[in-house]
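One structure is given here, and the rest of the page talks about it.
The values are calculated or read from the model by the stated rules, or taken from the named source; none is laboratory data. These figures come from a predicted structure and were not determined experimentally. Every residue, glycine among them, receives a Cβ derived from its backbone with ideal geometry; neighbour counts consider all protein chains shown. Note: areas computed on protein heavy atoms with side chains; ligands, DNA, RNA excluded. Shrake-Rupley method; radii C 1.70, N 1.55, O 1.52, S 1.80 Å.
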Amino acid sequence: MQIRSIQLKNIKSHRDTMLSFSPGINVLSGPNGIGKSTVFEAIGYALFGVDAQSFVGNVDRFVSIGAKRGEIAVVIEIDGVCYRVTRTVGTPAKWLLAREMAGAYEVEEHKDIKETEARLKELLGLDNGRSLSEQFELVIGPFQNEFLGPFVEKRPTTRRNKFDEILGIDSWRKTFSETNGLLKAIKNRIDVLEGAIGPLRDQVAELPEKKVAFKQARSDHDQAQATHVARQQQLQSVQSALVTADQQEQALKTLANEVAGFEERIRNGNEMIGQQKLRISEAESAQKIVAETRAGKEAFEQAEARLTALREKLKQQRQIEKDEGEIRTRVARLAERLQAEEQALKATAEELDRDEAQLVEKRKTLVVDEQLSAQAGRLPEVRRQIEAQRTLLGQLEGRRSGLEEGSEKLAAGQCPFFQEPCLNLASTPPGDVFSARFKMLDEERRGLEKQLVELTQDEKGVNQAAEQIRDVAIHLKGVDEQLARLADRRKALAEKVTAIEGLRESRAKEEKLLAQKQEELKAFSGVQDEIENCEQEKAAHQQARDLHVANLKQAGELEKRRDALAKFEKHLAQLQRDLEEKKAAHAGAERDYDPAAHGELRQQKDALTGEVGALGQQVKGLEAEVKRLVAEIDKLKKIAEEIAAKQEQIKNLGEKEQLVKFLRNRVFNKVSASLSERFREEISQRANSIYRIIAEVDEELAWGDNYQIVLRDMQDGALRERVDDQLSGGQTMSAVVALRLAMLQTIGARVAFFDEPTSNLDATRRENLAHAFRAIDVGREEVTEHWYDQLFLISHDVAFTEVTDQIISLERE
């Protein structure tokens, strides 16, 4: 695996930086504040998914001053295939992985950043259950002072927990602590279940008594139901006999009613025959009157027909007179409207002429001065110059921040952990290399600010010219819009003139129609006299016509009334025969019916009905009792099943409790210590070989209990061990670097990042450390096998110039 290149856009002091790397050892050099550490941070952010806040606290500070968004692109090569990892800083944030295919990069489809991280773990060979960001921050790429911190921690427990986390074995100890709560929860659950079983057992104790009561209730129910069925059968027999007696009684009453009905109908028939004979006499008289008044009635109808025709003619006359009046009114209205429209059109035409002349004069006054137009055209150029000046000011600010950071680091001169002089600065005190640069930057900034003020004032003048031109354009647009509206009004005026011609034509048509109506009225001059003559003739024949009409209906019914009389007399004879038959049937029914026996049957029915009802209620009550007992027995059986289920839960929970105790006491409590011992032994062996190369002394490096750095040597023939405060700063730093190199090899990291690894080392140790890095690279057996593909170092030390594969010098723009 190899990191081929990185590109940083708007990341802290890097506006647009492109760096390429070689296999093996790559050293980044350059003045303080140039952004060497930022390159490491950018690789951690893009390739390992580290949160930007881990580097700068506030994400906005990870982006260059004046920019809103940054981007980092890292190209890596794995087994001959190149991939590009791109991650942006700011909104929207994106993390993309692309594979090179046919000279172009194609983005792989991942549903979210978790899938992207899983794919990168697979490619980097770091899929060990821990996140990439943790592996980078803890082992692969921590800054030197951050990795050194746990080694100089005085509290053993804190130091142990921190290195357990770095090695990824802290989860066993955490699991031991967290399962204590699980054990308590299981025990509490068992106590709750045992407490719940007691009351349930008290309820189940009633089950035998309920079964006895159920058996007795079921026997009582069966006996009552048998009695109820027998009484119901007896009741049905009585009801059947009672129905026969009721039918006989009803038949007797029906025959008596029918005899009375026939007698009543015969009396009514005699009355109707008498009335019908009277109606025949009246019809014969009416027939005589109709014959005598027929001539008068016909004369009346002739006069009425002539009168109807004359009245229709009178209605036509009145309609024509009405139409003539309406036409006369419309003619007068059209004349008035025509006069008013002509006057309004004349006034509107004069108003339009005045308005158009005023707008033409106003438009002549709205002219833009050529000098003003040229000045307004300079606005884009002036704004571009202002933006360029602001960009230059932002770059100057970034350069000054970098110088201030470098000045503070050099001015300190003390190791922040050991509180002793740094050996790198002890031999060559730093000179005042920053004052002149600060002065130059301040003068350059004042010049840029002065130019920016002048450009801002120039921008105000150009803006004023542009505003004046816009005002003239707005006024011209308003005048043109008013002229357009005047044109529309002239068009509407022309349409109204056309409409007036239509009014004139309408008035002429109405006047012509009025003359026609007046001519038609002359034909109706004698209609009223003719109507009066017809009304007199009609009155003379009114009495004869009324008598004829009044008697005509009765005269026409004479034959019908004679036929009806014959039918009435025939029907009356039939009714008398039917009456004799019904009287004979009634006498026979009276002989068959026994009223006393009928009454006795009703009494038996009432008694049996009450007894059956009472038995039915008793059966229902016993059924309800049986159902209640069944429900209670079922409920108690379910409680018994619930008790059995809870006892089974207690048994299962007890087995789980024993399992958790076994795991806590035999596994979780011992695995962390065993793994720690194995890791420390493996890492100590590798670190000891590296340490001997760096220190060039006959000392053995070991990583002791609670992760203490232990140095062993022989003094006066006896074994001597030194730890913690007994070691010098150089010894501690050499041991830390050796342990970290061995740790990187152990976890299988193919790349690693070191920030000033020679800090606090003397010249000999610095040179030895550089050769140790090279020895690992070529795989010298006395050091260790070649385990990494690339190492990245930030260093000002010349010792690395002889062993490095590439030195990348960062310079200020």
First in segment 471-491 and closer than 26 Å to residue 346 by Cβ, second anywhere and open to solvent by 60 Å² or more (accessible area, probe 1.4 Å), Cβ under 6 Å, 6 or more apart: 486/356
Segment 349-381: number of residues that are loosely packed, with under 14 Cβ neighbours inside 10 Å and among the hydroxyl-bearing types (Ser, Thr, Tyr): 1
Which numbered condition residue 121 misses (of (1) touching an Asp or Glu at 6+ places or on another chain (Cβ under 7 Å); (2) not in a helix (DSSP H, G or I)): (2)
Residues that are open to solvent by 100 Å² or more (accessible area, probe 1.4 Å) and without any contact (Cβ under 8 Å) to a residue 40 or more places away in the chain, drawn from segment 183-198: 184
Count - residues of segment 57-92 that are under 36 Å from the mean Cα position of the chain (by Cα) and not in a loop (DSSP other than H, G, I, E, B): 15
Scan of segment 93-106 for residues that are of a type outside the set (D, E, K, R), part of a strand (DSSP E or B) and loosely packed, with under 12 Cβ neighbours inside 10 Å, ordered by number: 101, 104
Output for segment 120-153, where each listed residue is open to solvent by 50 Å² or more (accessible area, probe 1.4 Å) and within 39 Å of the chain's Cα centre (by Cα): 122, 127, 128, 129, 134, 137
Test: residue in segment 59-72 that is in contact with a Lys or Arg (Cβ under 7 Å, 6 or more places away or on another chain) and of a type in the set (S, T, N, Q): yes
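Out of 507, 490, report the one residue that is surrounded by 11 or more Cβ atoms within 10 Å (Cβ to Cβ) and either in contact with a His (Cβ under 9 Å, 6 or more places away or on another chain) or farther than 30 Å from residue 316 by Cα (or both).
Values: 507 fails: either in contact with a His (Cβ under 9 Å, 6 or more places away or on another chain) or farther than 30 Å from residue 316 by Cα (or both).
Criteria check complete, one pass: 490.
Looking at 297, 288, which one is in contact with a His (Cβ under 6 Å, 6 or more places away or on another chain), over 25 Å from residue 584 (Cα atoms) and part of a helix (DSSP H, G or I)?
Working: 288 fails: in contact with a His (Cβ under 6 Å, 6 or more places away or on another chain).
Just a single option satisfies the conditions, and that option is 297.
Only one residue in 608, 579 is surrounded by 10 or more Cβ atoms within 10 Å (Cβ to Cβ) and within 15 Å of residue 237 (Cβ to Cβ), so which one is that?
Working: 579 fails: within 15 Å of residue 237 (Cβ to Cβ).
From the options 608, 579, the qualifying one is 608.
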Selection within segment 703-723 - within 60 Å of the chain's Cα centre (by Cα) and either among the aliphatic types (A, V, I, L, M) or open to solvent by less than 70 Å² (accessible area, probe 1.4 Å) (or both): 703, 704, 706, 707, 708, 709
Filter result for the condition that a residue is over 30 Å from residue 670 (Cα atoms), among the charged types (D, E, K, R) and surrounded by 13 or more Cβ atoms within 10 Å (Cβ to Cβ), over 218, 201: 218
Selected residue [among the small types (Gly, Ala, Ser) and without any contact (Cβ under 8 Å) to a residue 24 or more places away in the chain] from 573, 597, 589, 585: 573
